[in-house]
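Each remark here refers to the structure printed beneath this line.
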Amino acid sequence: MNLWYTEKHSPNVRFSLKVEEHLFTGKSDFQKIDILQTSEFGRVLTLDGLVMLTEKDEFIYHEMITHVALATNPSIKKVLVIGAGDGGTIRELTAYATIEQIDMVEIDEMVVDVCREYLPQTASKLADPRVNLYFEDGLKFVRRIENEYDLIIVDSTDPFGPGEGLFTKEFYGNCYKALTDDGILVNQHESPFYAEDALGMRKAHQKIVGFFPVCKVYQFHMPTYPSGHWLFGFASKKFDPTQDLDAASWNELNLKTKYYNTDIHVGSFALPNYVKEQLKDVE
Amino acid sequence: MKGEYMTHHLQQRAPIMEALNQYKSMRVVPFDVPGHKRGRGNPELATFLGEQCLTMDVNSMKPLDNLCHPVSIIKEAEELAAQAFNAKHAFFMVNGTTSAVQAMIMTACKAGDKIIMPRNVHRSAINALILSGAVPVYVNPGVHSELGIPLGMSVKDVEQAILENTDAKAILINNPTYYGICSNLQALTDLAHRYNMLVLVDEAHGTHFYFGDNLPASAMSVGADMASVSMHKSGGSLTQSSFLLINNEVSEGYTRQIINLTQTTSGSYLLLSSLDISRRSLALNGKEIFRKVAEMAQYTRNEINKIGGYYAYSKELLNGDTIFDFDVTKLSVDTREVGLAGIEVYDILRDEYDIQIEFGDIGNILAYISVGDRHLDLERLVAALAEIKRRYSKDKSRIYIHEYISPQVAYTPQEAFYAPKQKLPISESAGYVSSEFVMCYPPGIPILAPGERITKEILDFIDYSKVKGCFLTGTEDSNIEHINVLKELME
């Protein structure tokens, strides 16, 4: 038995994982959902055949999508998370006792059900009493809200398929409206490396820049994502992620992290020239 | 039950598609046109459009019949279409619904014959008058006092027009208008028939009336004589393909002769097969398809109305006469309360949000909803409209709705079009008779038609439309700065 999972990272590049067992396959109203048991990366969640997370490297993604904003503004109380059906982002957020409410809006209930069953590593905190789950379109949810959240995290899939509405100008504009005056928006910002991902990155940046006075991009290293070089966007109405970083307060919290620390926080905003240039082109 | 089963069974066939598949499988060596020879002679085109597409782009021949004189598979396909639409006969049209509208008018009217029609007809109808020399008798459709949209024809107004013109040969009715508004089609048909006039129906926006539940009455269902049905709009076929339906005493042979006056002799099999396949799909699944479309339109309407400012209207407008019925699959939205012209919202949606809608006029936008829409796209439209209101809304007094301008018809469209004429700056043309059209496109309803006197009111409206960003067309001068007027009136 020699079973391999292969994903196209670009039209000409493939990435393969040795599979031990295909644990789950199913089709929701929105996408195909699979769970694979792999030899190197543990359990893997794929949506429409693309790796969303693996047990081995998900900590990098989930720590970086949450702690940067929380270390910048420790008084965040109310958080909206869009997407994030695997629960990893929620797990990181629930570590903060100061957060009072976490609303999570995931379009596909089946993703959550499957993750609860097969990926307790990420889904374990979905039952936290501060967490409210809404299964609906993120764009629709945020459109009805004004001046309500201190932080919105867009933990989305790619700018095609069920998540495409989360890469639009109307979405970012509605997020701006839904945030308080202290509001921060962190979004999955694609990658600068392969052409198709880079186009998604530039378009997202271009659309966000129009709304927020502070618009930064930070990077992290994600072994199972195309090229391994991935980005998050940090946009806010007030806070600058490096100047306003409150490193001492965050370190006092004594949270246990495997990737994030306050040095990485600052360093992650230092971008390679080719990334800077691409972002500058659309500003 | 048995009859219904038989009909259903027959409607599963698609004779043109079947014949094309059969022809392809025979691997016939082509020493006929088209010269791209199944795409081999034009690899770039084959790559762009797809090999299968070019394989099906073939010429009329014995096994594939001939559109100008159908005797086999096209005839069968036309009979199936007639059955699906409950018509006496259905003609496959490949020159657009424009050609179907023209064929209706030219079948019903010879030069000098009168035809009663609302002034808010599509340009294709007035073009038919230029071609045929028929004389229009316009019925004022009126404009909705708040929304500024042209309405249907009132039965009373039509009756008056009929009594004043008992020699008219036909009446032309829009079913529905671009905005989804229907006249009382049954009453108008019965009325016209009492005076031995043919009832011609422009159903460019009404294909779905034949298949969906709880939709306005279709032309054939009320016993109208001819109807032009844009299959490529709500019917799902390729752009430019259409059906012309006939009923009652209208002669199939004579109508075919009229069609052949202007229709191509090289009818595209891409268009023909798309009509055939779409007819089958509508006959088998139309009810379900349009239930979904109506549901999506209603959902979007509700969500847009919740934003505030916008008014996505529907059946609450019904008044028993000029708005006798409303097509609930249409998503027409009044934008004036947001302080933006429809055409401005239309432009912002495209330029800022990558959303293309069907059209915008001064007070309204129309988003076309079809079975091809996804819920996430509807959410994008609603969210973008909410954002546009938040970011761009202005004082509503800047949007000014014009009253219906009753045309002063001085000459028939044909006389005016071919008369000796002279070019004038449009701003100096008031008082003269226009020899050409001026219209916003879309929707393509003329502001001025050939033979109509130009007034200051009309010029003001043209200016206003230009300023708001409407795309104006119709005149020889593509910049719409000059207009051709009739010479004899220039002293």
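The values are calculated or read from the model by the stated rules, or taken from the named source; none is laboratory data. The model shown is predicted, which means the values in this text are computed figures rather than measured ones. So basically every Cβ, Gly included, is an ideal-geometry build from the backbone, and we count neighbours across all protein chains shown. For accessibility, only protein heavy atoms count, side chains too; no ligands or nucleic acids. Shrake-Rupley method; radii C 1.70, N 1.55, O 1.52, S 1.80 Å.
So which residue, out of A:Leu231, A:Leu47, A:Leu23, gets the largest mean-square fluctuation from a GNM of chain A using Cα contacts under 10 Å as springs?
A:Leu23
Rounded, prolate or oblate for segment B:286-398? Axes are the square roots of the Cα gyration tensor eigenvalues, ordered a ≥ b ≥ c, and the cut-off for rounded is a/c under 1.5.
Values: a/c = 2.01, a/b = 1.25, b/c = 1.61.
Here segment B:286-398 falls in the oblate category.
Could you compute the net charge surrounding B:Met117? Neighbours are other residues with a C-beta less than 13 Å from the C-beta of B:Met117; K and R count +1, D and E count -1. Display every interim value, and only then the final one.
On the way: positive: B:Lys114, B:Arg119, B:Arg123, B:Lys169; negative: B:Asp113, B:Asp157, B:Asp202.
Charge balance in the 13 Å sphere: +1.
Got a sec? Which residues of segment A:165-180 lose 40 Å² or more of accessible surface with every protein chain in place, vs. that chain alone, 1.4 Å probe?
The answer is A:Lys169, A:Glu170 - residues whose exposure falls by at least 40 Å² when every protein chain is included.
Taking Rh as the Kirkwood radius, which is the inverse of the mean 1/r over Cα pairs, what is the Rg/Rh value for chain B? Each step should come with its number before you reach the end.
Details: Rg = 23.2 Å, Rh = 23.8 Å.
Radius of gyration over Kirkwood radius for chain B works out to 0.97.
To the nearest 500 deg cm²/dmol, what mean residue ellipticity at 222 nm is calculated for chain B from DSSP H runs of n ≥ 4 alone, each contributing -39,500 (n - 2.57), summed and divided by the residues?
Values: 15 runs with 188 residues, N = 491.
It comes out at -12000 deg cm²/dmol, rounded to the nearest 500.
Using Cα pairs under 8 angstrom and six or more residues apart, how large is the relative contact order of segment A:25-119, in percent?
On the way: 125 pairs, mean separation 21.2, N = 95.
After rounding, I find 22 percent.
Antiparallel versus total DSSP beta bridges in the protein assembly as shown: what percent is that, nearest 5?
Working: 71 of 106 bridges.
Taking every DSSP beta bridge with both residues in the protein assembly as shown, the antiparallel ones total about 65 percent.
Under a plain spin-label model, where a point goes 7 Å from the Cα along Cα-to-Cβ, how far apart in nm are B:Asn214 and A:Glu100?
Going by the 7 Å Cα→Cβ label model, 4.4 nm.
For segment A:3-52, what log10 I(q)/I(0) values come out of the Debye formula at q = 0.16, 0.21 1/Å, with one point per alpha carbon and no solvent?
-0.44, -0.72
Determine which residues of segment B:82-96 fall in the zone a paramagnetic label at B:Gln12 would reach in this model, i.e. backbone nitrogen under 20 Å from the point 7 Å along Cα→Cβ.
B:82-85
Between segment B:340-377 and segment A:8-31, what is the C-alpha centre distance in whole Å?
37
Taking segment B:245-312 on its own, what percent of its Cα-Cα pair distances exceed 18 Å? Walk me through the numbers before you get to the answer.
Details: 1530 of 2278 pairs.
Here the long-distance tail beyond 18 Å is 67 percent of all Cα pairs in segment B:245-312.
Can you check what the net charge comes to around A:Lys78, using other residues whose Cβ is under 12 Å from the Cβ of A:Lys78 (Lys, Arg +1; Asp, Glu -1)? Could you put the intermediate results ahead of the total?
On the way: positive: A:Lys77, A:Arg130; negative: A:Glu100, A:Asp103, A:Glu148, A:Asp150, A:Asp182.
Charge balance in the 12 Å sphere: -3.
Using only helices, what value at 222 nm comes out for chain A when you add -39,500 (n - 2.57) per DSSP H run of length 4 or more and divide by the total residues, to the nearest 500 deg cm²/dmol? Spell out each step's value before the answer.
Values: 10 runs with 88 residues, N = 283.
The helix-only estimate for chain A comes to -8500 deg cm²/dmol at 222 nm.
So, how do all the Cα-to-Cα distances of segment B:413-489 break down into 5 Å bins, in percent, from 0 on up?
Over segment B:413-489, the share of Cα pairs per 5 Å bin runs 3, 18, 31, 28, 14, 5, 1 percent.
Mind checking the per residue accessible area of segment B:286-398 for me, 1.4 Å probe, whole number of Å²?
Details: 4320 Å² over 113 residues.
That works out to 38 Å² for each residue.
Please report, as a whole percent, how much of the solvent-accessible surface of segment A:139-275 comes from carbon and sulfur atoms (probe radius 1.4 Å).
Carbon and sulfur atoms account for 49 percent of the accessible area of segment A:139-275.
At most 16 other Cβ atoms within 10 Å and a DSSP loop assignment: could you name the chymotrypsin sites (Phe, Trp or Tyr not before Pro) in segment B:1-103 that fit? Show your work: numbers first, answer last.
Numbers: sites: B:Tyr5, B:Tyr23, B:Phe31, B:Phe48, B:Phe85, B:Phe91, B:Phe92; in loops: B:Phe31.
Listed in order of number, the matching sites are B:Phe31.
In Å, what is the Rg of the alpha-carbon atoms in segment B:65-275, and how long is Dmax?
16.2, 53
Have a look at B:Thr475, B:Phe92, B:Asn127 and report the one farthest towards the positive end of the charge dipole of the protein assembly as shown, computed about the Cα centre with Cβ charges (Lys/Arg +1, Asp/Glu -1).
Selected residue: B:Phe92.
Tell me, what ³J(HN,Hα) does each residue in segment B:378-392 have, in order and in whole Hz, if you take phi through Karplus 6.51 cos²θ - 1.76 cosθ + 1.60 with θ = phi - 60° and put x for Gly and Pro?
So the Karplus estimates, Gly and Pro as x, are 4, 4, 5, 4, 4, 5, 5, 5, 4, 5, 4, 5, 5, 9, 10 Hz.
Just the accessible area for B:Leu131, please: 1.4 Å probe, Å², rounded to the nearest 10?
90
Cα-based Rg of segment A:213-283 per 2.2 N^0.38 Å, rounded to two decimals?
Normalised by 2.2 N^0.38 Å, the Cα Rg of segment A:213-283 equals 1.23.
Quick one: with all protein chains in place, what share of the accessible area of segment B:286-398 is carbon or sulfur, to the nearest percent (1.4 Å probe)? Working shown, then result.
Details: 2120 of 4320 Å².
After summing per-atom areas, the C and S share lands at 49 percent.
Give me the number: length gained by fully extending B:Leu284 to B:Arg40, i.e. 0.36 nm times residue separation minus the C-alpha to C-alpha distance, one decimal in nm.
Working: separation 244, 0.36 × 244 = 87.84 nm, distance 3.60 nm.
In short, 84.2 nm is gained.
With each pseudo-label sitting 7 Å past Cα toward Cβ, what's the A:Lys276-B:Ser397 distance in nm, one decimal?
Result for the modelled spin labels: 5.2 nm.
Under the classification rounded if a/c is under 1.5, otherwise prolate if a/b is larger than b/c and oblate if not, where does segment A:118-178 fall, given a ≥ b ≥ c as square roots of the Cα gyration tensor eigenvalues?
It is oblate, given that a/c is not under 1.5 and a/b is not larger than b/c.
Quick query: amide H of B:Ala134 versus all other amide H atoms, modeled in the peptide plane; which residues come in under 5 Å with a sequence gap of 5 or more or a different chain?
For B:Ala134, whose amide H was placed from the backbone, the distant partners under 5 Å are B:Gly112.
How long are the three semi-axes of the equivalent ellipsoid for segment A:4-136, computed from the Cα gyration tensor as the root of 5 times each eigenvalue, in whole Å, largest first? Intermediate results must be reported in sequence, preceding the final value.
Details: eigenvalues 154, 54, 34 Å².
In descending order, the three semi-axes are 28, 16, 13 Å.
I'd like the interface area for chains B and A: accessible area of each alone minus the complex, both sides summed, 1.4 Å probe, protein heavy atoms only. What is it in Å² to the nearest 100?
Values: alone 21010 and 12250 Å², together 31870 Å².
Approximately 1400 Å², summed over both chains.
Suppose we take every Cα in the protein assembly as shown and form the convex hull; what volume per residue is that in Å³?
On the way: hull volume 158.6 nm³, N = 774.
Enclosed volume per residue, from the Cα hull, is 205 Å³.
Quick check: net charge around B:Phe437, other residues with Cβ under 11 Å of its Cβ, Lys/Arg +1 and Asp/Glu -1? Intermediate values should be presented prior to the final figure.
On the way: positive: B:Arg123; negative: B:Glu436, B:Glu452, B:Glu476.
Computed value for this residue: -2.
Given Cα positions, please report Rg to Rh for segment B:297-363, the hydrodynamic radius being the Kirkwood one.
Working: Rg = 12.7 Å, Rh = 12.8 Å.
Over the Cα atoms of segment B:297-363, Rg/Rh equals 0.99.
Pick from A:Phe211, A:Phe135, A:Phe24: which is most flexible by mean-square fluctuation in a GNM of chain A where alpha carbon atoms under 10 Å apart are linked?
Of the options given, A:Phe24 has the highest mean-square fluctuation.
With unit charges on the beta carbon (Lys/Arg positive, Asp/Glu negative), name the residue among A:Ile152, A:Phe232, A:Leu253 whose Cα is farthest towards the positive pole of the charge dipole of the protein assembly as shown.
Farthest towards the positive end: A:Phe232.
With θ set to phi - 60°, apply the Karplus curve 6.51 cos²θ - 1.76 cosθ + 1.60 along segment B:395-411 and write out the HN-Hα couplings as whole Hz, x wherever there is a Gly or Pro.
Result, rounded to whole Hz: 5, 6, 5, 6, 9, 10, 8, 8, 5, 4, 9, 5, x, 9, 7, 9, 9.
Residue by residue through segment B:25-42, what is 3J(HN,Hα) from phi via Karplus (6.51 cos²θ - 1.76 cosθ + 1.60, θ = phi - 60°)? Round to whole Hz and write x for glycine and proline.
5, 7, 6, 5, 7, x, 10, 9, 7, x, x, 6, 6, 6, x, 4, x, 8
Given a Förster distance of 41 Å, report the FRET efficiency between B:Lys24 and A:Lys18 from their Cβ-Cβ distance, rounded to the nearest 0.05. Could you put the intermediate results ahead of the total?
Details: r = 44 Å, r/R0 = 1.07.
Calculated value: 0.40.
Which entries in the list A:Lys203/B:Lys389; A:Lys32/A:Lys258; B:Lys315/B:Lys456 go over 27 Å, if you measure between the two C-alpha atoms of each? Kindly include the intermediate steps, with their values, before the conclusion.
Values: A:Lys203/B:Lys389 23 Å; A:Lys32/A:Lys258 31 Å; B:Lys315/B:Lys456 35 Å.
Violating the 27 Å Cα-Cα cut-off are A:Lys32/A:Lys258; B:Lys315/B:Lys456.
Counting heavy atoms of the protein chains only and a 1.4 Å probe, report the per residue accessible area for segment B:1-95 as a whole number of Å². Intermediate results must be reported in sequence, preceding the final value.
On the way: 5630 Å² over 95 residues.
Ligands and nucleic acids excluded, the figure is 59 Å² per residue.
Using only the Cα atoms, work out Rg/Rh for segment A:173-217, with Rh taken as the Kirkwood radius, to two decimals.
On the way: Rg = 11.6 Å, Rh = 11.4 Å.
Across segment A:173-217, the Cα-based Rg/Rh ratio is 1.02.
Treating the angle as unsigned and between 0 and 90°, give the value, to the nearest 10°, between the Cα long axis of helix A:58-72 and the longest Cα principal axis of chain A.
0
Accessible area per residue of segment A:140-185 at 1.4 Å probe, in Å²? Provide the component values of the computation, followed by the final result.
On the way: 1270 Å² over 46 residues.
Counting only protein heavy atoms, the per-residue value for segment A:140-185 is 28 Å².
Relative contact order (percent) for chain A, with alpha-carbon contacts under 8 angstrom and 6 or more residues of separation? Walk me through the intermediate numbers first.
Working: 574 pairs, mean separation 46.2, N = 283.
Result for chain A is 16 percent.
Going by the alpha-carbon gyration tensor, a ≥ b ≥ c the square roots of its eigenvalues, is segment A:58-282 rounded (a/c under 1.5) or, if a/c is not under 1.5, prolate (a/b greater than b/c) versus oblate? It would help to have the intermediate numbers written out before the result.
On the way: a/c = 1.23, a/b = 1.12, b/c = 1.10.
Judged from the Cα gyration tensor, segment A:58-282 comes out rounded (a/c under 1.5).
Do any residues of segment B:380-419 show a loss of at least 30 square angstrom of accessible area between the isolated chain and the full protein assembly, using a 1.4 Å probe, and if so which?
The answer is B:Arg380, B:Ala383, B:Glu387, B:Arg390, B:Arg391.
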